[in-house]
Amino acid sequence: MIEVTNLVKKYDNYIAVDQLSFTLEKGKILGFLGPNGAGKSTTMNMITGYIAPTEGTIRVNGYEITEEPEIVKQSIGYLPEIPPIYPEMKVKEYLEFVADLKGVKKTDKIEMIHEIEEMTGLTEVQERLIRYLSKGFKQRVGLAGAIMGYPELIILDEPTVGLDPVQIIEIRDLIKKLSEKHTIILSSHILSEVSAVCDEVMIINKGRFVVRDTPDNLVKQQKGATGIELSVKASKEAVEQIITEIEEIQEIKFIEKETSELVHCKIFYSEEEELREKIFYAFAKAECPIYEMKGISTSLEEIFLQLTKEAEDLC
Ligand SMILES: Nc1ncnc2c1ncn2[C@@H]1O[C@H](COP(=O)(O)OP(=O)(O)OP(=O)(O)O)[C@@H](O)[C@H]1O
């Protein structure tokens, strides 16, 4: 459905997007992820035709955006980071305005607005001025505008930024619902955020491609240390002594917990090892009872930081 090839955007001598290529099939949700300034908005602005690429091509359903801008724009709905909503309009007025702007047929307009209001939960506030809506509802209005005309591809730039946790869940559910009929690209700088809704995640950093995979595979493929967290009834020195005798252990970090009489620590070792039994017997032999032992799994946030750092080191 979308094919981006060797996309470059230069601002004077600064390269904001550098040889980016990717494709996306119909009906999928792709999370576009990167730290601040990675080039996410710039890429989205090029896909939606707001700014022109310096180099490269963008094809939507086979149409190249610079050659057939009108056809491509008709198949894209865009929610920019700051939605272009008019605070002095009522919700319904605004949606009618957007429908006209997008050339929705008069015969379809009333029904489409009704459907989209239902879908985005705006029916009850349709007569209210946008100015008086909460941030979550304003975001829904922006989203409703983006899906007006039912474009095949919906692009959402940081759709949940600034929302409270309840609003975030509501918008996520709405995005999932939209994916039943639309292809979606959404950006975020929070990995857990995109992994909650996306089929695949593409990470970029400093304008360049870093990695693309499913959220699960990103976690699985991450090589390196794994470990466990322990709570032991013993002195810190005794724990250190026992640990140093297990040669496979690479690192130990103590965690200070003022109210606890136990020693808490994190132990790291190569992920090829399975050391839980060895650790259990070593502590048992030393008569230091383990009160708790749990695996440490690398969080998505840590993986994101690790991958973007690896990419920077390669530059
Ligand atoms: N009009 C412009 N002129 C010059 N530099 C720009 C312009 N727009 C963006 N940039 C620069 O290009 C880089 C990429 O910006 P972009 O907004 O695409 O990043 P982003 O990944 O969307 O970041 P954020 O998460 O902060 O929105 C940044 O260094 C930014 O300062």
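The values are calculated or read from the model by the stated rules, or taken from the named source; none is laboratory data. For clarity, every value in this text was computed on a predicted model and none was experimentally measured. Here Cβ is always computed from backbone atoms with ideal geometry, including for glycine, and neighbour counts include all displayed protein chains.
See the values below:
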quantity	calculated
From 239, 232, 219, residue being at pLDDT below 90 and surrounded by 15 or more Cβ atoms within 10 Å (Cβ to Cβ)	219
Options 161, 141, 166; residue that is within 16 Å of the ligand (Cβ to nearest atom) and either assigned to a loop (DSSP other than H, G, I, E, B) or among the hydrophobic types (A, V, I, L, M, F, W, C) (or both)	161
Test set (1) out of contact with any Pro (no Cβ under 7 Å at 6 or more places or on another chain); (2) under 21 Å from residue 31 (Cβ atoms); (3) more than 16 Å from the ligand (Cβ to nearest atom) - residue 155 fails condition number	(3)
Pairs with Cβ under 8 Å, 6+ apart, first in the range 88-99 and assigned by the TED database to the domain that holds residue 127, second hydroxyl-bearing (Ser, Thr, Tyr)	94/86; 97/86
Positions within the range 1-15 being surrounded by 18 or more Cβ atoms within 10 Å (Cβ to Cβ) and either more than 21 Å from residue 66 (Cα to Cα) or at pLDDT 95 or above (or both), in sequence order	4, 7, 9
Residue within the range 169-185 that is over 13 Å from the mean Cα position of the chain (by Cα), assigned to a helix (DSSP H, G or I) and among the acidic types (Asp, Glu) present	yes
Residue in the range 186-195 that is crowded, with 19+ Cβ neighbours inside 10 Å, in the same structural domain as residue 152 (by the TED database), within 16 Å of the ligand (Cβ to nearest atom) and in a loop (DSSP other than H, G, I, E, B) present	no
Long-range neighbours under 9 Å by Cβ, at least six apart or interchain, first residue in contact (Cβ under 8 Å) with a residue 24 or more places away in the chain within the range 37-54, second near the ligand (Cβ under 7 Å from one of its atoms) and assigned to a helix (DSSP H, G or I)	51/42
Members of the range 105-132 found to be part of a helix (DSSP H, G or I), acidic (Asp, Glu) and surrounded by fewer than 13 Cβ atoms within 10 Å (Cβ to Cβ), listed by number	111, 118, 124
Some residue of the range 63-79 being at pLDDT below 95, within 16 Å of the ligand (Cβ to nearest atom), part of a strand (DSSP E or B) and under 29 Å from residue 181 (Cβ atoms)	yes
Pick from the range 80-96, criterion under 12 Å from residue 129 (Cα atoms) and assigned to a loop (DSSP other than H, G, I, E, B), ranking: nearest to the chain's Cα centre (by Cα)	85
Residues of the range 31-46 classified as aliphatic (A, V, I, L, M), in contact with a helix residue (DSSP H, G or I) (Cβ under 9 Å, 6 or more places away or on another chain) and more than 8 Å from the ligand (Cβ to nearest atom), total	1
Enumeration of residues in the range 1-18 that are in contact (Cβ under 8 Å) with a residue 40 or more places away in the chain and either in a loop (DSSP other than H, G, I, E, B) or more than 15 Å from the ligand (Cβ to nearest atom) (or both)	1, 2, 3, 5, 6
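Quick grid of which residues meet (1) farther than 30 Å from residue 200 by Cα; (2) modelled with pLDDT of 70 or more; (3) surrounded by 13 or more Cβ atoms within 10 Å (Cβ to Cβ):
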site	(1), (2), (3)
282	yes, yes, yes
295	no, yes, no
299	no, no, no
304	no, yes, yes
307	no, yes, yes
315	no, no, no
